[in-house]
Amino acid sequence: MTAQEVRLCGLLLQEHFGDVVEKVGTHLIRSGVLTLRALAHETKLPLDLVKKSLCVLMQHGMCAFGAGRRGPAGPVEYHIICERILHMLRYPRYIYTAKSLYGDTGELIVEEILQRGQMTMSSTVKTVADRLTHNMPEGQSMDYSEVVSAFSRLVETHFLQRCPPMASAESSSSGADNTPLPAVTQPTEPEDHPECYKLPYINLTGQGKRRRSSEDGEADPRAAKKAKTDSSERGDEGIYWQVNFQRFHLHFRDQAIISAVSCKLDQTSSEIVRTMLRMSEVTTPTHAAFTQALSANEIFRALPSSYNIARPILDQYLTLLVDDPMEFVGKTGDSGGGMFGSRSARIFRLLLRKRHLEQKQVEDFAMVPAKEAKDMLYTLLSENLVQLQEIPKTPDYAPSRTFYLYTVNQLPTARLLLQHCYKTVGNLIERRLYETKENKRLLEKSQRIEAILASLQATGAEAAQLTEVEEMITAPERQQLESLRHHINKLDSSENQVDETIFLLESYINSTQAPR
Amino acid sequence: MAGSRGRGRSQFTFSVDALGFGRGDSLPTSAQTPSPLFPPMQFRPVPLHAGEEVDYMLALKQELRASSKNLPFHIKAARTKTDVARYSDKYQNGEPKNNCIEWSPDWSRMPKELCIKVRKPRKTVIGAKPQLTRKPKVAAGKEEVLQKLETLEKREEEQHSEEEEDEEKKKQNDEEEEPDADEDYDEEEIEDETDYIMSYFDNGEDFGADSDDNMDEAVY
C-alpha cells in the first residue's frame, strides 16, 4: 500500500463511517495483519469500539479474518482489503449503471446493498418496495413481485452474487491441540461456490408499505418488530447478497473500449466491437487480455439487424480494426495533455507510438520548434513521464558519441499516473472538508432555517410567516452559501471524473500484469 | 592517455549549445526560499465534463454521503462524562454507548470474539424544534471539556449534553431489562417509569439557550 492509497482510504473511511473506524482502518492497513488485542492496544481505543469498527468493516467486505500465525488455536488475525475501500469512490457510477440497465428498481436495489454491505434477498425486496411506494402517488404501492424480478435479473447477469458461506463451524474455547477441525470460520472466494448465482426460494408476497409521517413513532417500531419475526419464515436465512464489483468493472471496461473505438473510427465500427464484446462476455474469463477468437461469420450473424451491414463491409471494418495501432485494452498517456499542454501531449503520444526516438527526430515528427521540443522533453523527463535510454557507440560512454533516445515505459508511467490520481482525489476530499468546516456556522444556520420552514409548512402556516423566516438569511449570506455549494459541487464532480481515470489506469495495470 | 588529455584540454565532451545557455553567461541564480506552495500553473486545466449523467452522479454522491452519516455503521465514540451526576440524567436520552452495537450483524459469519451486545435504537419522537436546540448545545459541550476550571461560571445549559452520558452509565443495568419489557408498549411512556409523557418534560434548561446564535430577536 502506497502512502497515497493509505491516505485516500483513511479519508473515505472517515467520510462514510466516522473517525473511529478511520483510525482502526488506517492502523490496520499500515500494520498489515493484527489480532484484536494488538489492534486495541496500538490504537489506544476501548476494546468495544474496536470490535464495533471491525464488525462494520467486515459487514462491508473491507476487512477479512483468518487463522493467525500461531495456527488455528491462536487468536484470529484481521487484515484490510484496500481495493474495496477504494471502490467506495465509484459507488455513484455503479448505481447509475444499474439504473441505466434495470431502471429505478435496479438502481435502488444496488444502492441498498452498497450502503449496507450485505443483505438478504427478502430484506432488500421489502426495503426497496417501501422506498418505491414512498415516491409513488397516493394510493399506489409497489408489488413485491416486481422487485423480486428485478433482483433476479441482476443476479442472472451476475451483477449481484451470494456472499460466500463460512468454511466450518467455530470450536469451543477449550483449544485442544488435536482437534481436526479449524477453530475459526474461514471466509472463501465467492466464485468458488457453484451456488454463487442461485436464487433462493422465498415465500414473499405483498406490497410496499407507505410510511405515514404522523404515525412515525408508533407504527415503525411495531412494523420493524413484525418484520424481524417474519424474516425467519421467509426461507432465505443466512443467504446474503453482495455487489459483484468485477462484473461492473467488466461492463465499464467494455463501455470504455466501445467509446474509444467510436471516437477513433466511427459509429459502425463501435457497433461491431460492441457485438464482439457481447458475444465473448460469457466465454472469456474476467482478467483475460484478449477475448476468445471469433470468426467473421459469427460476428455477422450476431450483428443487430437494424444496422444493415453487408458482409464485405464488415470484412473491411474488421481489417481496419485489426490494423489499428492503438491496442484496445486500456491506454495511458492522455493525462499528459492537461498538465503540460497539448504539444507535450503530442510528443508523448509520438513516443508511445514510435517507442524510441532521438531528440532531433522528436522535433521533426512532432513538428514542434527545436527549443520548445527540448524544453518540453526536459520537463516531461523531470516528471518521470519519459525516460532516457543511452546507447553508446564506443565502449567509453563518451557523451558526444552516444545516442540518447527518449522513450516511454508504459507500465511504470501508468503506475506513476495512478499514484498522482490517488493524491489528486485525496486533495479534493481534503479541500472539500476544509470548505465545509470554514462555513460550518453558515451551513448549520441554513439547515435550521430549512427545518423551521419545513415544520411551518407541514402545519400550514401563512405565506407571511414563511417569508419572514426566509429573510432570516441575509442576501450576502445567501450568496456565500450559493458559492459554497458551487465549489462543493465542482469538487465532487472532479472526484467522479478522476475516478474514471483511476479505473482506466487500474484496469490497464491489472491486465498488463495478468499472465497472457 | 596523458597526451590526449593535454591536447583536448579546452574541449568539452558535449557541445556547449546543447546546455541552453552560452559561454560567459552567468549561471542562473540559486533559489533562496522554498518553492511556493501553489506555483502558478502554466496551462489551464481541461474543463470538467458536463451533462445529465454527470449531474445525476453528483447528486447520487452527495446523497450517499449524507445518508451514510445516519446509518448505524457510522460509529461515534461515546463521550466521557466530566460533570456531576444529575437527577435529570435519568430521563435523558440516547447518546451512543461504547459497549453496544446499533445494528445486528449475523454473528455466525464473524469470529466469536467480536460478539457484542446489540442495542435496540431508542426511538425518540421529537418534532423539529427540540432537535434544533440540541445543535448549539452539542457544539458548546465539546469546548466545555477543555475549559474544566470555568465549569462553575458557565451557565447550566452548556452542560446539558454531558448529562446525557452520565445517565447512560448509571442506567446500564436497568436498561438491559427495560428494552425487553416494553416491546408491546409505547416506548416513551413506560420506559422511564414516570406518568408523564417524555416529550413534555422540560427541566427549564432550554430557557435562554437559543439566544446564543441569533441576535436578531430581542431577549426578554
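The values are calculated or read from the model by the stated rules, or taken from the named source; none is laboratory data. These numbers were taken from a predicted model, which means no experiment stands behind them. When we count neighbours, we look across all protein chains shown, and the Cβ atoms used for this are built from the backbone with ideal geometry, even at glycine. Heads up: the accessible areas ignore ligands, DNA and RNA and are worked out on the full protein's heavy atoms, side chains in. Shrake-Rupley method; radii C 1.70, N 1.55, O 1.52, S 1.80 Å.
For the reader, a short list of remarks on this structure follows.
- Once the stretch A:40-60 is narrowed to residues that are in contact (Cβ under 8 Å) with a residue 12 or more places away in the chain, within 11 Å of chain B (Cβ to nearest Cβ) and not hydrophobic (A, V, I, L, M, F, W, C), the residue that is surrounded by the fewest Cβ atoms within 10 Å (Cβ to Cβ) is A:59.
- Residue within the stretch A:128-141 that is within 28 Å of residue B:73 (Cβ to Cβ), open to solvent by 40 Å² or more (accessible area, probe 1.4 Å) and at pLDDT 85 or above present: yes
- For residue A:437: the one exception among (1) away from chain B (no Cβ under 12 Å); (2) of a type outside the set (Asp, Glu); (3) open to solvent by less than 40 Å² (accessible area, probe 1.4 Å): (3)
- Residue in the stretch B:41-52 that is farther than 18 Å from residue A:90 by Cα, out of contact with any Ser or Thr (no Cβ under 9 Å at 6 or more places or on another chain), modelled with pLDDT under 55 and not assigned by TED's automatic domain parsing to the domain that holds residue B:98 present: no
- Filtering the stretch A:462-516 to residues that are over 21 Å from residue A:440 (Cβ atoms), within 13 Å of chain B (Cβ to nearest Cβ) and in a loop (DSSP other than H, G, I, E, B) leaves only A:471.
- Number of the condition not met by residue A:368 [criteria: (1) surrounded by fewer than 17 Cβ atoms within 10 Å (Cβ to Cβ); (2) in a loop (DSSP other than H, G, I, E, B)]: (1)
- For residue A:419: the one exception among (1) crowded, with 17+ Cβ neighbours inside 10 Å; (2) modelled with pLDDT of 80 or more; (3) farther than 30 Å from residue A:274 by Cβ; (4) of a type in the set (S, T, N, Q): (1)
- Qualifying residue in the stretch A:454-461 (condition: open to solvent by 60 Å² or more (accessible area, probe 1.4 Å), under 28 Å from residue B:50 (Cα atoms) and without any contact (Cβ under 8 Å) to a residue 40 or more places away in the chain): no
- Checked against the criterion of being in a helix (DSSP H, G or I), open to solvent by 80 Å² or more (accessible area, probe 1.4 Å) and modelled with pLDDT of 80 or more, the stretch A:388-406 contains not a single residue that satisfies it.
- Hey, residue B:34 in a loop (DSSP other than H, G, I, E, B), more than 8 Å from chain A (Cβ to nearest Cβ) and open to solvent by 90 Å² or more (accessible area, probe 1.4 Å) or not: yes
- Residues within the stretch B:45-66 that are open to solvent by less than 70 Å² (accessible area, probe 1.4 Å), at the interface with chain A (Cβ under 7 Å from one of its Cβ atoms) and part of a helix (DSSP H, G or I), tallied: 8
- Any hit, the stretch A:12-25, residues being more than 12 Å from chain B (Cβ to nearest Cβ), open to solvent by 10 Å² or more (accessible area, probe 1.4 Å) and within 26 Å of the chain's Cα centre (by Cα): no
- Residue within the stretch A:163-185 that is out of contact with any His (no Cβ under 8 Å at 6 or more places or on another chain), crowded, with 20+ Cβ neighbours inside 10 Å, modelled with pLDDT of 70 or more and more than 14 Å from chain B (Cβ to nearest Cβ) present: no
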